Amino acid sequence: MTDPILPGPDCTTMTEVRAGVDALDRELVALLARRFAYMDAAARIKPERGAVRDEARKTQVIGNACAAARAAGVPEAVVADLWERLVEASIAYELAAFDRR
């Protein structure tokens, strides 16, 4: 039997903290897999390769993430940086998927 994953504020040992971080990392990877499935769909749906990079949409996605970060009380600059990298990685992934069709 595994120990339950405690919320961060309830952790009293580094073992509990690490278990929580590891569990969240697995969830984040699963969420990324879902996100990249949407990139596969976008590559299938978009009529031309040039439509893959959409700077207005990129700005909107990063802005939405920053607004969610503010609302959640997490560092907005960190989220902005992470989402910049995520969106660029998503664009690269989608371009590769588009090229495979």
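The values are calculated or read from the model by the stated rules, or taken from the named source; none is laboratory data. Treat the numbers as computed from the prediction; the structure is a model and nothing was measured. Positions of Cβ are generated from backbone atoms using ideal geometry, with glycine treated the same way; all protein chains shown enter the neighbour counts.
Structure values in brief
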| item | result |
| --- | --- |
| Unique match (being touching a residue at least 12 places away in the same chain (Cβ under 8 Å), among the β-branched types (Val, Ile, Thr) and closer than 30 Å to Leu6 by Cβ) among Val61, Val87, Val79 | Val79 |
| Qualifying position, being surrounded by 13 or more Cβ atoms within 10 Å (Cβ to Cβ) and not acidic (Asp, Glu), among Ala30, Ala19, Ala41 | Ala19 |
| Elements of type helices (runs of 4 or more DSSP H) contained in the chain, each with 1 or more residues being at positive phi | none |
| Single unsatisfied condition, Asn64 versus (1) touching a Phe, Trp or Tyr at 6+ places or on another chain (Cβ under 9 Å); (2) within 16 Å of Ala89 (Cα to Cα); (3) among the polar types (S, T, N, Q) | (2) |
| Search result, residues across the stretch 1-36 that are in contact with a helix residue (DSSP H, G or I) (Cβ under 8 Å, 6 or more places away or on another chain) and of a type in the set (Gly, Ala, Ser) | Gly8, Gly20 |
| Test: Val61 is surrounded by 13 or more Cβ atoms within 10 Å (Cβ to Cβ) and in contact with a Lys or Arg (Cβ under 8 Å, 6 or more places away or on another chain) | no |
| Hits in the stretch 44-58 - residues which are surrounded by 11 or more Cβ atoms within 10 Å (Cβ to Cβ) and either at pLDDT below 95 or among the β-branched types (Val, Ile, Thr) (or both) | Val52 |
| Members of the stretch 42-56 that are more than 11 Å from Ile91 (Cα to Cα), free of Cβ contacts under 8 Å to residues at least 40 places away in the same chain and of a type in the set (D, E, K, R) | Glu48 |
